[in-house]
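**Q** Take this structure, written in structure tokens, and hold onto it; I'll ask about it next.
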């Protein structure tokens, strides 16, 4: 699936083009993100998966919902490779579960950060 994006495209443009200005409860927002990931192919859509992680998923966490969603986030990371990849794209160093997220991704063998394979 070609997401039509470019490397220099702004996050706001991507979010607007993708229609992912999220509304609703934190659970509904996470459901929407998971649904968008479900439409992606793990390899062919890797860039789009990364942008969903670094965009709306990270925003959801930075707006203080990571603690309340942590059980779902951990379950999804353990069972869904596309969600795990998106989660690895979340930097969110100031999020409440940053250390837990880093440990989980390390345990699952998911590389994080720039230049990952």
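We did not get these values from a lab; they are worked out from the coordinates using the rules stated. If you're wondering where the values come from, they're calculated on a predicted model, not measured in any experiment. Here the Cβ is made from the backbone with ideal geometry for all residues, glycine too, and neighbour counts use every protein chain on show.
**Q** Can you give me the relative contact order of region 48-94 as a percent, contacts being Cα pairs under 8 Å and 6 or more apart?
**A** 62 percent
**Q** For region 26-107, compute Rh as the Kirkwood radius over C-alpha pairs and then the Stokes-Einstein diffusion coefficient at 10 °C and 1.306 mPa s; write the answer in µm²/s, rounded to an integer.
**A** Taking Rh from Cα pairs, D becomes 129 µm²/s.
**Q** Separate question: For Cα pairs less than 8 Å apart in space and 6+ apart in sequence, what is the mean separation divided by the residue count of region 26-107, i.e. the relative contact order in percent?
**A** Dividing the mean separation by the residue count of region 26-107 yields 36 percent.
**Q** What FRET efficiency comes out for the pair residue 110/residue 63, r = Cβ-Cβ distance, R0 = 25 Å, nearest 0.05?
**A** 0.60
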